[in-house]
1. Tally time: how many residues in region 46-81 are under 26 Å from ASP161 (Cβ atoms) and either among the hydroxyl-bearing types (Ser, Thr, Tyr) or part of a helix (DSSP H, G or I) (or both)?
2. Out of curiosity, is ARG136 modelled with pLDDT under 95 and of a type outside the set (A, V, I, L, M, F, W, C)?
3. Find the residue count for region 305-328, including only residues that are open to solvent by 60 Å² or more (accessible area, probe 1.4 Å), within 16 Å of the ligand (Cβ to nearest atom) and either out of contact with any strand residue (DSSP E or B) (no Cβ under 9 Å at 6 or more places or on another chain) or assigned to a strand (DSSP E or B) (or both).
4. For region 244-253, give me each residue that is of a type outside the set (A, V, I, L, M) and either open to solvent by less than 10 Å² (accessible area, probe 1.4 Å) or near the ligand (Cβ under 9 Å from one of its atoms) (or both).
5. Any idea which residue in region 216-243 is nearest to the ligand (Cβ to nearest atom), counting only those that are open to solvent by 30 Å² or more (accessible area, probe 1.4 Å) and either in contact with a strand residue (DSSP E or B) (Cβ under 8 Å, 6 or more places away or on another chain) or closer than 19 Å to ASP54 by Cα (or both)?
6. Which is modelled with pLDDT of 95 or more, at positive phi, open to solvent by less than 40 Å² (accessible area, probe 1.4 Å) and not β-branched (Val, Ile, Thr), of ALA147, ALA143, ALA129, ALA116?
7. Which numbered condition trips up GLY301, out of (1) within 14 Å of the ligand (Cβ to nearest atom); (2) open to solvent by 20 Å² or more (accessible area, probe 1.4 Å); (3) under 16 Å from ASP22 (Cβ atoms)?
8. Can you tell me which residues in region 254-291 are more than 10 Å from the ligand (Cβ to nearest atom), touching a residue at least 24 places away in the same chain (Cβ under 8 Å) and of a type in the set (A, V, I, L, M, F, W, C)?
Amino acid sequence: MIRFAVLSLILSLPALTALAADPATLASGPVTGAVIVTHGGVGSPPDWSNDCQDAATVGAAALSTAIDGACAATVHLEDLCRFNAGTGANVRLDGTTVQMDASVMTSAGDFAAVAALERVTNPILVARAVLATPHRMLAGEGATRFAHALGFPDVVPHCDDSLRKGRDRIAKLLAGEAGGGYDTFDWRAVWNYPGPPPTTDDGAPGVPSSPERMEPVDTVGAVARAVDGTFAAALSTGGTSITLYGRVGDVPIYGCGCYAGPAGAVACTGFGEEIIRHAMARLVYDRMAAGDTAREAVIAGCEVFGEEWSLGLIAVGPVDWAVAANRDMAWGQAAP
Ligand code: ASP
């Protein structure tokens, strides 16, 4: 009897090791030269992949350097209303504020970022411009003024889609139907927006705490390998919408939202606070630097994160490119 039990345990071991199921979204392919991979944010519907594919094609045409390709693809996605970046960036908890984060990194180790940037439509280009300064990151009003000093138009990136999504989100929150990225939090207690909180239908002021989470979605990113074997990553987001004024996620934090080095490039999307806790982009990069393929590395990233929080990853290394997410995710891939 005992022998039978031990035997069945041994026989079941391969099944147990296979238990870690593939991520909900998983794709990969070989790298034979220059290549670019894009994402439309974890949670974005797979049928938005046509936009990510177009962005990858635009990026591939600009791949004279890896950072040119990654930024061109990201600009393409920032210019579309449906994604949570640039023109379509999330409207925050007061119903009007838009604050955005973006970052770029190259395999030479050059990193630059903007955080809580306002009144610009292409944050990725502002992040790239920070590369030419003595700094690594500009934040808040300083970042916004820097962008305007460079000639970026002073525009609040509102579009019909993002305003409607913002209104719906706040209505649900006020009705107690959906929460804001943290399990339960009384936003009124620490309200820090310039204007007052939205009001409930009966006129009672305030934004109630609520029991559920609302997942961030639709942020955008790209990773690229140029024909000379160098890599770059670019990432841009309107962040999560149900937040305090000034909330900054993983995207502009070094080693968290994106990372690049001689072993490849990685870009993340998902629940920023959790991505920061794992320094996720660096974690995935380190796997590639230790010899994992991009596919193995993104799967490992998803396994570390678990299912509770949303996570999407794109990566490119010397031998392959890969996409993985623990939810649906639109993505694209192209070579020049
Ligand atoms: N990671 C982004 C943030 O937390 C959001 C996203 O990827 O959708 O700001």
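The values are calculated or read from the model by the stated rules, or taken from the named source; none is laboratory data. If you're wondering where the values come from, they're calculated on a predicted model, not measured in any experiment. As a convention, Cβ positions derive from the backbone with ideal geometry for all residues, glycine included, and neighbour counts pool all protein chains shown. Accessible surface areas use protein heavy atoms only, side chains included; no ligands, DNA or RNA. Shrake-Rupley method; radii C 1.70, N 1.55, O 1.52, S 1.80 Å.
1. Total meeting the criteria: 23.
2. The answer is no for ARG136.
3. Adding up the residues that qualify gives 1.
4. ARG247, GLY249, ASP250, PRO252, listed by residue number.
5. Among residues in region 216-243 that are open to solvent by 30 Å² or more (accessible area, probe 1.4 Å) and either in contact with a strand residue (DSSP E or B) (Cβ under 8 Å, 6 or more places away or on another chain) or closer than 19 Å to ASP54 by Cα (or both), the one nearest to the ligand (Cβ to nearest atom) is VAL217.
6. Selected residue: ALA116, the only one of ALA147, ALA143, ALA129, ALA116 that is modelled with pLDDT of 95 or more, at positive phi, open to solvent by less than 40 Å² (accessible area, probe 1.4 Å) and not β-branched (Val, Ile, Thr).
7. (2)
8. Taking region 254-291 as the starting set, the residues that turn out to be more than 10 Å from the ligand (Cβ to nearest atom) are 254-255, 258-266, 277-279, 281-291.
Now drop any that are not touching a residue at least 24 places away in the same chain (Cβ under 8 Å), which leaves 254-255, 258-266, 278-279, 281-282, 284-285, 288-289.
Of everything in region 254-291, those that are more than 10 Å from the ligand (Cβ to nearest atom), touching a residue at least 24 places away in the same chain (Cβ under 8 Å) and of a type in the set (A, V, I, L, M, F, W, C) turn out to be CYS258, ALA260, ALA263, ALA265, VAL266, ALA279, ALA281, VAL284, MET288, ALA289.
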